[in-house]
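Comments concern the structure below.
The values are calculated or read from the model by the stated rules, or taken from the named source; none is laboratory data. A quick note: this is a predicted structure, and the numbers were derived from the prediction, not measured. Heads up, the Cβs are rebuilt from the backbone with ideal geometry, glycines too, and the neighbour counts pull from every protein chain shown. The protein model used for the area step is the full one, side chains on, heavy atoms only, and it has no ligands, DNA or RNA in it. Shrake-Rupley method; radii C 1.70, N 1.55, O 1.52, S 1.80 Å.
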Amino acid sequence: MDSKASNTIKSATTQSPVPQEIRARYKVTRILGKGAGGVVYKAKNRASGQAVAIKAIVHSCEGDSDEVVFYKAKQILREVAILRHLSKLPGAADFIPRLVEVIQTSSPSPNRPHLVTTFVVMEFVKGITLKEFMDDQASEQ
């Protein structure tokens, strides 16, 4: 592995650490994007070789009560359920990635006793960024 790829993965895991439970099944290769909702990684299923995208969503903040953390986790699972439903509609495979699995982890620490992360694993679909799409739309007008 070249040093650039190694640094990318080290940077990725310090942003939103990927636990051993996930790394045992998926080899994380790079960060696809970062945002307020979390970090999205490109990875490969170790057993099948399938390329996947893993969205890591940390849904806790220092000082959150158990009820708030539970609500955030429930909200993410509700969004996943909606995505699963939409992906079954005719023609959806053209624009909605297929969900592979959803994994929730809890990693309490002295600093963040309510640290819960949801990992949404979906098939990797090569596409363009929102900026590229917007630039493309602007150039057509």
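Looking only at residues of region 57-106 that are crowded, with 17+ Cβ neighbours inside 10 Å and part of a loop (DSSP other than H, G, I, E, B), we find that the one that is modelled with the highest pLDDT is 97.
Identify all residues within region 32-44 that are at pLDDT 75 or above and either open to solvent by 30 Å² or more (accessible area, probe 1.4 Å) or of a type in the set (Asp, Glu) (or both); write none if there are none.
Residues of region 32-44 at pLDDT 75 or above: 32-35, 38-44.
Once the filter is applied, which keeps residues that are at pLDDT 75 or above and either open to solvent by 30 Å² or more (accessible area, probe 1.4 Å) or of a type in the set (Asp, Glu) (or both), region 32-44 yields 32, 34, 35, 40, 42, 44.
Note on region 35-51: residues that are within 17 Å of residue 104 (Cβ to Cβ) and over 8 Å from the mean Cα position of the chain (by Cα) total 1.
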